[in-house]
1. Could you tell me which of the residues 76, 20 is in contact with a Leu (Cβ under 8 Å, 6 or more places away or on another chain) and either open to solvent by less than 40 Å² (accessible area, probe 1.4 Å) or at pLDDT 85 or above (or both)?
2. Looking at the stretch 82-140, which of its residues are in contact with a Gly (Cβ under 8 Å, 6 or more places away or on another chain) and of a type in the set (Val, Ile, Thr)?
3. Could you grab me the full set of residues in the stretch 177-202 that are buried (at least 18 other Cβ atoms within 10 Å of the Cβ) and over 23 Å from residue 79 (Cβ atoms)?
4. I'd like the full set of residues that are under 12 Å from the mean Cα position of the chain (by Cα) and β-branched (Val, Ile, Thr), limited to the stretch 156-202.
5. Does residue 87 fit the bill of being at pLDDT 95 or above and either surrounded by fewer than 16 Cβ atoms within 10 Å (Cβ to Cβ) or not basic (Lys, Arg) (or both)?
6. Mind checking which residues of the stretch 37-54 are open to solvent by less than 60 Å² (accessible area, probe 1.4 Å) and at pLDDT 80 or above?
7. When you look at residue 171, is it under 17 Å from residue 213 (Cα atoms) and open to solvent by 10 Å² or more (accessible area, probe 1.4 Å), yes or no?
8. Of the residues that sit in the stretch 93-122 and are more than 18 Å from residue 70 (Cβ to Cβ) and at pLDDT below 95, which one is surrounded by the most Cβ atoms within 10 Å (Cβ to Cβ)?
Amino acid sequence: MKSSVISGGRDLVTGRAAAPVWLVTGFWISIAISVAVVVRRLVAIVHPSQTAPPQMVALDAAFASHAALTVAHIVPAMAFVLLTPFVFLRRIEAAWAERLLFPLGAVVGVTAYAMNTYSIGGWIERSAVLLFNSLFLFSLARAYGYMRQGDHLLKRRWMTRAVGILLGIATTRPVMGIFFATSRWTHLEPRQFFGIAFWIGFSINTIAVELWLHSRGRQSQAERMAVRSATHL
């Protein structure tokens, strides 16, 4: 019979620990932004606005030109994002939600590669998507492999990496907002700053998650030993 081992408020079988306030706050803000972005994009596809600023109208038209692919990408992405609280929040965790993240993440990753052929920001945006989308799929695959092996701690860490990277799309939005707001002075167009915004947004999330995971790395060996002992009890 398996049992949990608790040390310093951490369940060593699941590898759970109380996340810092900044991480939890960023998590919920990223979810809210991600959902809002998807809803807005779906509305723009169904009912294009002609009263929005010219730059936004042009962007909406670009996404509407390959609407089916856009929908195939953003709807699974929204479902993935909405399921993450059921995986990472202890009070509402559900095994079914975690299992669904893998096929949803695969669809999101594959369609992201396809969407990249229509990138607005050219090769700068394409390079960001190729790098971070590949890291996302790699992290998701590692999480799946460790889940199959029963290594809950490493599964949790690689899933955290995957989710952190995916939520980077939400971090790009405030960055893009800054570029849009300052375009009257910089004279930069979306095709010139979209790629830069992607690099900044995804880098922020990836680095933040890695810093947090590495800050907990000192006790990782002890945790893994405790997990092995606990799973044999």
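The values are calculated or read from the model by the stated rules, or taken from the named source; none is laboratory data. Keep in mind the model is a prediction, meaning the values are calculated, not measured. Here the Cβ positions follow ideal geometry from the backbone for every residue, glycine too, while neighbour counts run over all protein chains shown. What goes into the accessible areas is simple: the full protein's heavy atoms, side chains included, and nothing from ligands, DNA or RNA. Shrake-Rupley method; radii C 1.70, N 1.55, O 1.52, S 1.80 Å.
1. Being in contact with a Leu (Cβ under 8 Å, 6 or more places away or on another chain) and either open to solvent by less than 40 Å² (accessible area, probe 1.4 Å) or at pLDDT 85 or above (or both) holds for just one of 76, 20, which is 76.
2. Hit for the stretch 82-140 is 124, nothing else.
3. Residues satisfying the conditions are 179, 190, 193, 194, 195, 196, 197, 199, 200.
4. Selection gives 160, 163, 165, 169, 171, 172.
5. Here the answer is no, as residue 87 does not meet what is asked.
6. Within the stretch 37-54, 37, 38, 41, 42, 44, 45 meet the criteria.
7. no
8. Going through the qualifying residues, I end up with 98.
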